[in-house]
Each structure stands twice: as C-alpha cells, then as structure tokens.
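The values are calculated or read from the model by the stated rules, or taken from the named source; none is laboratory data. As the structure is a computational prediction, the values presented were derived from the model and not from experiment. Cβ coordinates were reconstructed from backbone atoms using ideal geometry, including for glycine residues, and neighbour counts include every protein chain displayed. The area values use the complete protein model at the heavy-atom level, side chains included, leaving out ligands, DNA and RNA. Shrake-Rupley method; radii C 1.70, N 1.55, O 1.52, S 1.80 Å.
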Protein chains: 2
Amino acid sequence: MRLVVAAVNERNITMPDLYPASRLADAAAAAGRAGLDALLLTPGPDLRYVVGYDAHALERLTCLAIPASGEPFLVVPRLEVPAAQASPAGQIGIDLIGWDETEDPYAIVAGRLGAPAAVGLADRMWALMVLRFQAALPGARQELASRALGPLRARKSPAEVEALAEAARAIDRVHAQVPGWLRPGRTERQLAADITDAILAEGHSRVDFAIVASGPNAASPHHTAADRVLRDGDTVVVDIGGTMPSGYCSDCTRTYAVGTPPAEFLAYYQVLKDAQEAACAAVRPGVRAESVDAAAREPITAAGFGAYFVHRTGHGIGLETHEDPYIVAGNAEPLMPGHAFSIEPGIYPGPHGARIEDIVVCTDSGAQRLNTATRELVSVPA
Amino acid sequence: MRLVVAAVNERNITMPDLYPASRLADAAAAAGRAGLDALLLTPGPDLRYVVGYDAHALERLTCLAIPASGEPFLVVPRLEVPAAQASPAGQIGIDLIGWDETEDPYAIVAGRLGAPAAVGLADRMWALMVLRFQAALPGARQELASRALGPLRARKSPAEVEALAEAARAIDRVHAQVPGWLRPGRTERQLAADITDAILAEGHSRVDFAIVASGPNAASPHHTAADRVLRDGDTVVVDIGGTMPSGYCSDCTRTYAVGTPPAEFLAYYQVLKDAQEAACAAVRPGVRAESVDAAAREPITAAGFGAYFVHRTGHGIGLETHEDPYIVAGNAEPLMPGHAFSIEPGIYPGPHGARIEDIVVCTDSGAQRLNTATRELVSVPA
C-alpha cells in the first residue's frame, strides 16, 4: 500500500460517505453566492473535494468546470478518460470530455462556458494554466475558488471527521513507537527513516513530512532531519504526518528527551503544556480563530517566553495539511462546528526547544482532540 | 531513505556539480533575453534548478526573485530561514529575507522589485500566489518563467545527464526484478506494491507512479494498478518511475507476458519495437522534435496500427517527469545536444496493448539511451 495503490479504507468510511454526489450542487451554489459564474478546478484538493477524483497533476489539462448555473463538465486528456471514469467522478454521471494531444483544451472549456464575467480558479492551479485560461477567457475576472469552496471545505462532515480521526490514530501509533527508536548515537536521519517506514506501515499512503529536530536544531521549527547524532541530555521535537488513502492528512508533534534534559527546559515544557491545554479549552463555536492563538500565547508570554513562540498556533487540516481556518493573530473568523485544525504552540529559546501539537475538531461542546498520545514529556534512558 | 531524508548521492555527483552557482546569473540573463524584468520562482522545479533549494510547497510564500539586472533575493517564511540557509541557496551568498507571520510577503517582494513591466512566474506557481502577485504588482504583465528557463532546463549539463543516468540505472534494476513478481493469480495491485517498495529500495527518494496494466487494462495508457488478477496469456504494461535524491526523475516502460500471448500481439509487439528503434535512430541535433514523433508513427501506421497509437511519442525529463521538449506532432523545435526525453510509442488495439519506453539524451552523434533493460518481450511461465 503506497502512493499509487491507494484506496479508501472500507472498514470505516466509504467513498460515497466521504465524497457525496451532492457536493457538486453545493459547489455550484457556493460559486453563485461568491459572485463567481464558474469554478475551474484542476487536479488537487479542490477537485478531489468536489467529486472525489484524485487526478494526476500533469502539464496536460484536467479541469472540472462548475457553472453557478448550468451543467458541470470534466475535461480530461484522452489518456485519462478511463481513470476519470473509474473515480467517484465517473459514478455521478458528469459530462466527461476527452481531448486529443493536438487539441486545445482551454478552448474547449472556454467554448462550453460562454462568456463568464468571473471565474474561481483552484487555489493550487499552476500558473501555466492560470495564464492559459486568462488568454482563453479574456473577459473573465480571475478569483480564487476558495472564495466559494473554502467555507465548505473548512467545516468537516461527520465522515470527514472520522477520516481525520483515522489519520490521527495512525500517526499516534507511530508516535507510540518513537521511544523505541530514540537512543544516543543514532542520527536524526536514522530516526526519520524509521518513522517514515512506520507512517506507511500504519496505513498512510504517503509520507508528507518527518521533522526530527534534536538539541539546537529544535530551535528551527521546520528543520529537516540531518546527520546530527543524538546525545545524552538532548530534547527532540518530532513533527510527523502523512496522507491516508482517504485523502485526509495527519499531523502530530511530540517532544522527547534522551536522558535528563536541562532544568530550564523542564520549566518551559510545563508552560508549553499548559498553553496547549489553554488553547484547546478556548475552542468553541463563535470564538474567533485569533482568540485561540491568543489563549496559547498568553501563558507563554506571562512566563517570559513570548519572544520564543515564533509561529502561529495552528492551521486547518483536511485534504491538505495546511488549509483554512488558520489559528493566527488577525484572523477574526469565528470558529464553527466541524472546523478541524492543529493547536501547536512552541517555545524555542535555544539551544533547545519544544512543541506540542494535536489536531482538534470544534464541536458544540468545545474541542474534540483527535490525537491522544500522552503530552507528558517522554524521556528515554541515555 | 524516503521523502524527507533525501540527499544528493555523493558517490557520483556532487551538489555543486548539479546546481552550480552560475545558474543564477544564467537565469537573469535568460530573463533579459526573454523580455522579462524579473523571474519570480516559488517552490518547485524552477526554483530548485536555479539555486538547488528543494523548498516545501506551502501556502506561506517562499519566492526567489531574479531581476534581469540587479541583485536577486530570496523571501522565505521566518520558519524556513534555517532550511534555506542549509540548502545550496544558502551557500551562494544570496540575500535572504525572512518574513513574520503577520507580514505581507508579496508587498516585500514588490517593494524590492520596484515597478517591473513584465515578470516571469514559475510555471507551477499556485493560482493563490499568481493572483496575490497580480495585486501587489498591478503594472506588471505576467508571463511564464519557462520563457526564460525552459531552454536552459531542457539542455542538460554533463552532471545532469549523469543524474538522469543514475535514475535510469535505478529503475532498470527494478524492471530486472519484475519477472520474479509476475505470476498468474496475483493482482495488478500486488505487483505494484512490490514495484513501489523496490523503487525506494533501489535508491529513489519518492515513487512517482507505478502503472501496472494487464490484459484489457493495457488499452488505457495511464491505467492505475487495480484488483484485476493476472492470468495465463496476459500481457502486462509496466510503466514506472520515481525521483532520486538528486531531484532527477526516472521513467521506463516495458511490456511483459504471462505464458504465451496471442499471435496478433506478438505481431504488433515486433512493429512497436521497430518503431521505438526507428525513433531513437532519428534523434540527432537539428532534427525537429515532431520528426522523431513521425519516425515512431510511420512503421506503426504502415503496419495498420496507426489508430491505436493514441499519444505523443515522448516528453522531456529532468527535475520533472514531464517537461520540455515534447516529442509531439506540431513541435517544430530542433533537438539540441543535452536534450533528454522519453521515446515511448505504444499500440493499444485491445483487448491488450504494449508500450516500450526509454529515456534518451541527444548527443552530437545521436541518441544515447539511458535505459538498457532488454526490449525483447520477457515472458514468464504461466
């Protein structure tokens, strides 16, 4: 089970649960509300969200066009027609148009759309395609499809929450094995290789990242595993995630210690744990995203570590590891039931650092944590 | 050795060989020749090509700005500064600007660039960023960076050819193992899982695709491995590739048989092998890309199978699996020494099909094949 042989795990969630046929009509209605005459979705999370088609990102155009009113259609390279037909998109009776190597697929889309005044482009559409659509639809103002799809994608359905919970359980099982691989004399890279194998073995179809940041490297929150050798007294930030066959992502950080960490580390680790707890406790419908960021920041600042919490508190997660809603100063968006996001404060004073991250879902009764690995500092013998 | 622990294989090629510091000046000069005042390169193959920085594709802006005249600069999220510094980009003394979570990185780029009349955007830049740059640089016409970088990237340096050859040797070693995994009763998906493991074990850092198309599925050139069970008499198209730690890609197709394939298959397999040979023989500097396509198509058409060769003959390969030059009708571009591309004619009459693909490099004396696995039909006992 790797990249190319992915299939939704049938034990828990079925494809129609995750990608219901009603999405297409929901997307068209959202486009209309956002003042867009059509959405143009190329391969990526927007396309997958609407019709469940996990299409290859190729230089050849694949595009789902969704008029705010009118029939949607899917333009695909002739070679990809069977794959599109085999995907959930093929089951919902959408008009499928194959194009040949010497045809201009942009002209095909433009010809069918008529003269839209505004189109919403998939946020990850390649510039290559953005500029071709600009030329093919010269009268259309280009906006982002997220204006329409962002609010839909941010509020997870029960099936999506279950898909995220399944991803969280898988990455929690990886974290449970980390202490067994952590010992002095091994390198960050060796630990990352063990983790990478386990991310796949525990059910992900793709490894998205495996950050292993030991000792001073922990002061770089996005440090990639390197050749540094683990030593007695090290603390190690392990921030790992992957994508499940369902399409949904995991992301969880724990900080570990080898032997006895410095006393000042233990002091701020407790502050961090309290801050992460406070931010989780602040989550409820109607609370602004930035208030959750502030709730994490307050105890850290009060303890004198504010300058060492150098990033936002969290990011939404779903078919992308980073998506709306962002838990960051300046985002006044109110949280709503179904919003799923990370809560991951960090303190990096150097020559060590720490971060604790869980994925949570906003429910009517507050935050539901999807990751359940202990947040106590796990120390392995030196 | 997986996704996140990639490093250039030091045995054969060094980082400075592959990503020489001179690229930055070459890119600036190419921008000027293409009538662009600056290139704006976000994470992806264009950025990696110019400065060797294999940056994460994130919603947070990372952008290398290369004015046609003036000093280049690299804008990165504060979190990514250490990773950027540790990359080859950090070794060439480029001006590195970290931005904080609450800053507007587009305004930072625009402020430093002044008022360019035309900018070249990385071909894979996300629409999200294209539209933000449109707003931040309202006076700048947006073009594609490939106008400047395409010709540079298409002609591989000796180090790049060696990186592609290393990738080809790795995928050839995988093909050498395929007959051992191929037997009646196994599914396409099981075979693809073995292949996927082997792609990683043989030195790739990422699996890009593992197409296993047996029996009637072979008639779909981009078929993904499915649950079909292999049977006596089946033919199986195996088209596989990955990305090496160097950043360079492999891509090789062979067609196998289980037991004795139908007589009509054997007849057109020979035609296909001749066609692939003829296309390779047609490669030399100055020949048009479309002439190589025609050279592959002629013997297939003459044998009455023209209607079943439904795709172009090939695509360039390098830091992307598909890039310039495309070997397709209508591409009158002359081949030049250092051009690297696939030659992969196929015949798919149904209920079976075949394809043979090698990566070749154009040299002064013709095509140098990088893949050397036998092109004779390999049949395993039923």
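Within chain A, which complete DSSP H helices have Cα atoms spanning at least 24 Å along the helix axis and a mean Kyte-Doolittle hydropathy of 0.0 or higher?
Helices meeting the span and hydropathy rule in chain A are A:263-282.
Computing the accessible area with a 1.4 Å probe over protein heavy atoms, can you report the carbon and sulfur percentage for the protein assembly as shown?
Heavy-atom surface of the protein assembly as shown belonging to carbon and sulfur, 1.4 Å probe: 52 percent.
Is the shape of the stretch A:215-344 best called rounded, prolate or oblate, per the rule: a/c under 1.5 gives rounded, else a/b larger than b/c gives prolate, else oblate, with a ≥ b ≥ c the square roots of the Cα gyration tensor eigenvalues?
It is oblate, given that a/c is not under 1.5 and a/b is not larger than b/c.
What base-10 log of the normalised intensity I(q)/I(0) is obtained for the stretch B:317-382 from the Debye formula, alpha carbons as equal point scatterers, at q = 0.25, 0.26 Å⁻¹?
Summing over Cα pairs of the stretch B:317-382 leads to -1.21, -1.25.
Can you compute the FRET efficiency between B:ARG288 and B:LEU96 using 1/(1 + (r/R0)^6), with r the Cβ-Cβ distance and R0 = 45 Å? Round to the nearest 0.05.
0.60
Let a ≥ b ≥ c be the square roots of the eigenvalues of the Cα gyration tensor of the stretch B:79-163; is it rounded (a/c under 1.5), or, if not, prolate (a/b larger than b/c) or oblate?
Since a/c reaches 1.5 but b/c is at least a/b, the shape of the stretch B:79-163 is classed as oblate.
B:LYS156: which lysines have alpha carbons under 30 Å from its alpha carbon, excluding same-chain residues fewer than 8 sequence positions away?
Straight-line reach from B:LYS156, under 30 Å: B:LYS273.
What number does the stretch A:192-258 give for Rg over Rh if you use C-alpha atoms and the Kirkwood radius?
Ratio of gyration radius to Kirkwood radius: 1.01.
Rounded to the nearest 100 Å², what's the accessible area chains A and B bury against each other, both chains counted, probe 1.4 Å?
When A and B are taken together, about 4200 Å² of accessible area is lost.
What percent of all Cα-Cα pairs in chain A falls into each 20 Å bin, going from 0 up to the bin containing the maximum distance?
Distribution as computed: 28, 51, 21, 1 percent.
Taking square-rooted eigenvalues a ≥ b ≥ c of the alpha carbon gyration tensor, is the stretch A:172-287 rounded, prolate or oblate, where a/c under 1.5 means rounded and, failing that, a/b exceeding b/c means prolate?
oblate
Give me the percent relative contact order of the stretch B:1-146, please, defined on Cα pairs under 8 angstrom at least 6 residues apart.
Over the stretch B:1-146, the number comes to 23 percent.
Could you work out the helix-only [θ] at 222 nm for the protein assembly as shown, with each DSSP H run of four or more residues adding -39,500 (n - 2.57) and the total divided by the number of residues, to the nearest 500 deg cm²/dmol?
Computed mean residue ellipticity for the protein assembly as shown: -10500 deg cm²/dmol.
Please list, short to long, the whole-number percent of alpha-carbon pairs of the protein assembly as shown in consecutive 20 angstrom bins beginning at zero.
Spelled out per bin, shortest first, that is 16, 50, 31, 3, 0.
With no solvent and one point on each alpha carbon, what is the Debye value of log10 I(q)/I(0) for the stretch A:157-380 at q = 0.07, 0.11, 0.16 Å⁻¹?
-0.19, -0.49, -1.05
Over all distinct alpha-carbon pairs, what is the Kirkwood Rh of the stretch B:21-153 in angstrom?
Evaluated over the stretch B:21-153, this radius sits at 14.3 Å.
Using alpha-carbon positions, what is the distance between the centroids of the stretch A:174-243 and the stretch B:41-59, in Å?
Each part's Cα centre sits 23 Å from the other's.
Viscosity 0.890 mPa s, temperature 25 °C: what is the translational diffusion coefficient of the stretch A:271-382 from Stokes-Einstein with a Kirkwood Rh over Cα pairs, rounded to a whole number of µm²/s?
174 µm²/s
As an exercise, use a Förster radius of 41 Å and the Cβ-Cβ distance of B:GLU333 and A:GLN177 to find the FRET efficiency, rounded to the nearest 0.05.
For B:GLU333 and A:GLN177, the calculated efficiency is 0.20.
Using Cα-Cα distances under 8 Å and only pairs 6 or more residues apart, what relative contact order does chain A have, in percent?
Once normalised by length, the contact order is 15 percent.
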